[in-house]
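Written below as structure tokens is the structure these notes are about.
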Amino acid sequence: MQYYMIERESRYWQRLLGSQASLGIKMATKSQGPEKATNISYIEHHHDTEGHTFAIRPIQPSDKYELQKGLKELSLESLRYRFFEYKKEFSPQELKFLTEVDHDQHCALVLVELLNDKEKGIGVARFVRSKKDPTIAEFAITIHDNYHSKGLGKFLLNRLIHYAKDKGIKTVVGEVDCYNHKMISLLKNFPNFKLQNDKNQINQISLKLPLSLTSTSLLAVGSLENHSNKEAP
């Protein structure tokens, strides 16, 4: 799964990982192969003009293998945009943080292409709520390079923003490389988008919520906690 958005490994993430280690919380072992997903339920579907079907679902602990595999498929440019360095692999600690989420303080949505009875992971969007101000969250979105320019980044980010608003978040923030024109163009589709130049070619970005959300799309969000406990349709 290649990455589309390039949020730096956040300071909040670093603090959280550090605090988990200091508390002696048991970390996940290194993933050796795909785990079996359980109770998959899709939140929303999208059909493109070429007949492909995509769906969004909550991330699961069983997605660790695919995240690790996807990291190794990143181009050098994508690695630089995503991490501001050439990251080779996720540690077990990072995989645990990225896939074992509570969908309140930390929400992660997966975008997949549905191929008969199988999934092909092509994107992830997430937010992590600030501990200092629970109305602010840092966000990131990633889309496989082969699926750029198809409106899928906007589709996934829109769904994440709807859910963030439903959870009482008023502002989402992040960091983006000034040369990541695709990400900046994507964010410009949303009202109340602000970009501030920073040192080292890093731009500070923010989206003020609520955006102009339709009642139909809000109804489609539902509750991730409830979805995660239902069988797939």
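The values are calculated or read from the model by the stated rules, or taken from the named source; none is laboratory data. Small disclaimer: the values here were computed from a predicted structure and weren't measured. Counting neighbours? That spans all protein chains shown, and the Cβs are built from the backbone with ideal geometry, glycine included.
Here is how the numbers come out for the structure above:
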| read-out | value |
| --- | --- |
| Test: residue in the stretch 93-110 that is more than 16 Å from L160 (Cβ to Cβ) and over 15 Å from the mean Cα position of the chain (by Cα) | yes |
| Any strands (runs of 3 or more DSSP E) falling wholly within the stretch 48-163 and containing at least 1 residues that are surrounded by 14 or more Cβ atoms within 10 Å (Cβ to Cβ) and polar (S, T, N, Q) | 136-143 |
| Of all residues in the stretch 164-189 being among the hydrophobic types (A, V, I, L, M, F, W, C), more than 24 Å from Y42 (Cβ to Cβ) and under 15 Å from the mean Cα position of the chain (by Cα), the one that is surrounded by the fewest Cβ atoms within 10 Å (Cβ to Cβ) | V173 |
| Residue within the stretch 130-145 that is over 22 Å from K188 (Cβ atoms), at pLDDT 90 or above and touching a helix residue (DSSP H, G or I) at 6+ places or on another chain (Cβ under 9 Å) present | yes |
| Any hit, the stretch 62-83, residues being among the hydrophobic types (A, V, I, L, M, F, W, C) and over 30 Å from N200 (Cβ atoms) | no |
